[in-house]
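The values are calculated or read from the model by the stated rules, or taken from the named source; none is laboratory data. Being a predicted model, the structure only gives us computed values, none of them experimental. Neighbour counts run over all protein chains shown; Cβ positions are idealised from the backbone, glycine included. Note: areas computed on protein heavy atoms with side chains; ligands, DNA, RNA excluded. Shrake-Rupley method; radii C 1.70, N 1.55, O 1.52, S 1.80 Å.
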Amino acid sequence: MSTILLLLGAGLARGAVFALFALALVLIWRATRIANFAQGAMAVASAYLAYLVLVGTGSFLLAIVTVLVAGAAIGFGMERGLMRFVPSRSPLNSIIVAIGAVMVLTGLLGILFGADYKPIAVPFSREPLEFGGVAVVSPYTLFVFVVVAVVVAGIAVLFTRTSLGLAMRASAFDDEVARLNGVRVSRMRTIGWMLSSAVGGLAVLLAVPTELGLGPHSGDLLFVNAFTVAIIGGLDSPVGAVVAGLLTGVLLTVVTTLWGATVGPIAILILLVVVLLVRPQGIFSLRKARLA
């Protein structure tokens with residue numbers, strides 16, 4: 001029983017990080033209709049700045065604030081300085097530019113910080129708590145759950161209860177109609193990039209303490225898993241990103257524990273193929289995505 005609860009807790013913690021990063025991908029898709037392949041490298045860049053703050057101050061809370069601010073700034077710079085000038089005639093244009101940005105950012109991070117992985121200290125113990133003599137979850141896992149829940153709730157309130165969220169949704173749904181109604185579509189896209197980049201950076205900061213550490217390629221595998229989660233849940237569905245992320249995290253943890261780490265990606269691939277065959281638009285997508 002204890003082993004099952006530990007696996008479930010570890011899987012949900014991993015899935016919560018997947019969900020958070022997938023949510024960042026969903027946000028940028030909803031705001032700009034761009035699949036941002038540079039999301040991982042951008043998130044790692046902001047996490048490095050948070051790492052410097054953490055080393056200098058010892059405050060994980062200040063590191064979280066730093067990664068959010070740095071992520072928003074990187075998203076602003078990426079949209080205003082690069083992606084805004086990419087021709088939108090073909091979606092391949094933005095993908096190619098994003099891949100180029102990944103190479104540049106990863107190279108710069110390697111030059112500035114080196115290729116070795118740097119450990120990040122966490123504010124809470126990673127040893128599992130015991131309830132009634134049964135080990136369940138660690139304090140750090142509970143911390144991750146709380147942070148992810150707060151971010152998800154905040155984004156839900158933003159998009160359903162505020163005029164800014166309504167304007168962002170209108171811009172993504174039909175930019176021409178939004179412009180006719182006085183919405184500054186370009187500004188909404190910039191805000192979408194900033195919000196997505198900030199959330200992605202937070203996901204990396206929460207993930208690296210449980211992995212090898214922070215390195216130039218720390219976001220690569222996380223991006224692959226989160227992109228898969230976003231596809232499974234539906235690129236238009238924040239709820240789908242969260243639910244699919246949690247389920248995928250549990251599945252990956254159970255499979256890797258029972259059959260080894262090499263089998264985990266195969267299980268995720270099988271799940272993705274099954275979803276694409278049965279429901280190509282994603283499990284939680286309520287409508288077909290626009291082509292524009």
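Numbers below:
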{"quantity": "The stretch 226-257 - residue that is under 16 Å from residue 276 (Cβ atoms) and not aliphatic (A, V, I, L, M) and, of those, most open to solvent (accessible area, probe 1.4 Å)", "calculated": "227"}
{"quantity": "Residue that is nearest to residue 198 (Cα to Cα), among those in the stretch 27-61 that are without any contact (Cβ under 8 Å) to a residue 40 or more places away in the chain and of a type in the set (Ser, Thr, Tyr)", "calculated": "59"}
{"quantity": "Failed condition for residue 74, given (1) assigned to a helix (DSSP H, G or I); (2) surrounded by 12 or more Cβ atoms within 10 Å (Cβ to Cβ); (3) modelled with pLDDT under 95; (4) of a type in the set (A, V, I, L, M, F, W, C)", "calculated": "(3)"}
{"quantity": "First in the stretch 218-247 and farther than 21 Å from residue 208 by Cβ, second anywhere and in a loop (DSSP other than H, G, I, E, B) and hydroxyl-bearing (Ser, Thr, Tyr), Cβ under 9 Å, 6 or more apart", "calculated": "233/285; 234/285; 235/285; 236/285; 237/285; 240/285; 243/237; 244/237"}
{"quantity": "Options 98, 38, 43, 31; residue that is in contact with a Lys or Arg (Cβ under 7 Å, 6 or more places away or on another chain) and either over 27 Å from residue 146 (Cβ atoms) or of a type outside the set (Val, Ile, Thr) (or both)", "calculated": "31"}
{"quantity": "Condition met for residue 191 (over 30 Å from residue 59 (Cα atoms) and out of contact with any Cys (no Cβ under 6 Å at 6 or more places or on another chain))", "calculated": "no"}
{"quantity": "Helices (runs of 4 or more DSSP H) lying entirely in the stretch 140-237 (those with 1 or more residues that are out of contact with any helix residue (DSSP H, G or I) (no Cβ under 7 Å at 6 or more places or on another chain) and farther than 29 Å from residue 280 by Cα)", "calculated": "163-173, 175-180, 185-207"}
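Okay, residues lined up against (1) in contact (Cβ under 8 Å) with a residue 60 or more places away in the chain; (2) open to solvent by 40 Å² or more (accessible area, probe 1.4 Å):
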position: 169; (1), (2): yes, yes
position: 177; (1), (2): no, yes
position: 195; (1), (2): yes, yes
position: 205; (1), (2): yes, no
position: 208; (1), (2): yes, no
position: 213; (1), (2): yes, no
